[in-house]
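Participant: Input: one structure, supplied below.
Each value in this text was obtained by applying a stated rule to the coordinates, not by laboratory testing. All figures in this text were calculated on a predicted structure; none of them were measured in a lab. Glycine also receives a Cβ, built like all others from the backbone with ideal geometry; neighbour counts cover every protein chain displayed.
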Amino acid sequence: MTTKERLKIFSKQMGYGRNKFEEYVEIASGYLSSRSSSVTSDTIEKVIRKFPELSLEWLLTGQGDIIKTESPALVSRTYPLKPYIDSTYAVCGLPKGFSVAVKETDCPTISLPFMKEYDFSIQAKGDSMVNRKDPRKSIQEGDIVVCRIWKSRSHLRWGETYALSTPEGIVIKKIVPAEAEGYIRCISFNIEEGYMPYDLPLEEINDWAIVVGVVSVTSWT
């Protein structure tokens with residue numbers, strides 16, 4: 001097994017797709033899928049700098065464990081534990097539901113190895129946000145959606161994807177202005193399967209969070 005093959009194994013274990021891993025490590029797009037099996041010292045240095053928990057011995061030789069034995073403490077310092085909310089959690093139907101949910105003492109927490117500036121994460125349901133035109137923006141069933149609570153109601157980032165807490169549960173959609181006053185338009189990426197835009201009354205949105213990242217849990221093809 002080559003060093004590049006071990007890199008692929010590690011990135012998959014960390015929950016990355018190839019494009020996301022290359023972007024985060026700051027290496028050339030398509031590097032992992034290229035035919036060349038060699039990995040430069042510069043690339044190895046970039047990977048270790050981004051993932052200090054990765055065992056250099058394993059990466060270079062395949063010997064030992066993928067993750068350093070001291071990594072739990074290291075990871076917790078570098079990537080703090082943050083709340084992981086059940087996407088059907090009932091409290092999210094209440095005003096400021098996300099803020100309430102992340103303060104729950106029994107709320108589970110996880111550490112995501114590529115994100116720091118966020119408030120919580122949830123698991124995506126359904127396939128309405130599958131993006132076949134731009135897979136890098138795709139949100140698939142089971143993906144971990146990383147969110148930051150959006151407190152402003154006077155300034156929204158139109159064209160961005162938000163998680164919206166509603167009485168019917170959490171809705172993840174790209175939002176744009178609606179023609180009717182008091183509404184926003186929710187847009188799904190997966191128009192190929194008939195998911196059409198619709199207008200959502202502002203009064204039915206109990207809390208807002210902007211999506212700042214997605215950790216893919218799907219297998220590579």
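Participant: Taking the simple approach of a point 7 Å from Cα along Cα-to-Cβ for both THR61 and LYS12, what is their distance in nm?
Facilitator: 2.5
Participant: Pick from TYR84, TYR162, TYR195 the residue whose mean-square fluctuation is largest in a GNM of the chain, springs joining Cα atoms under 10 Å.
Facilitator: TYR195
Participant: Which of the lysines could be linked to LYS173 by a straight reach, that is with a Cα gap under 24 Å, when you skip same-chain ones fewer than 8 residues away?
Facilitator: Excluding near neighbours in sequence, the set is LYS20, LYS82, LYS96, LYS116, LYS125, LYS133, LYS137, LYS151.
Participant: Now, a different point. Just how large is the dipole of the chain about the Cα centre, in debye to the nearest 20, putting +1 at every Lys and Arg Cβ and -1 at every Asp and Glu Cβ?
Facilitator: With Lys and Arg at +1 and Asp and Glu at -1, about 660 debye.
Participant: Which of ILE48, ILE122, ILE149 moves most in a GNM of the chain, Cα contacts under 10 Å?
Facilitator: The residue that fluctuates most here is ILE48.
Participant: Additional query: I need the shape label for the chain. Rule: rounded when a/c is under 1.5, else prolate if a/b > b/c, else oblate, with a, b, c from the alpha carbon gyration tensor.
Facilitator: In terms of gyration-tensor shape, prolate.
Participant: Among rounded, prolate and oblate, which fits the stretch 104-195 when a ≥ b ≥ c are the square roots of the eigenvalues of its C-alpha gyration tensor, a/c under 1.5 means rounded, and a/b larger than b/c means prolate?
Facilitator: Oblate.
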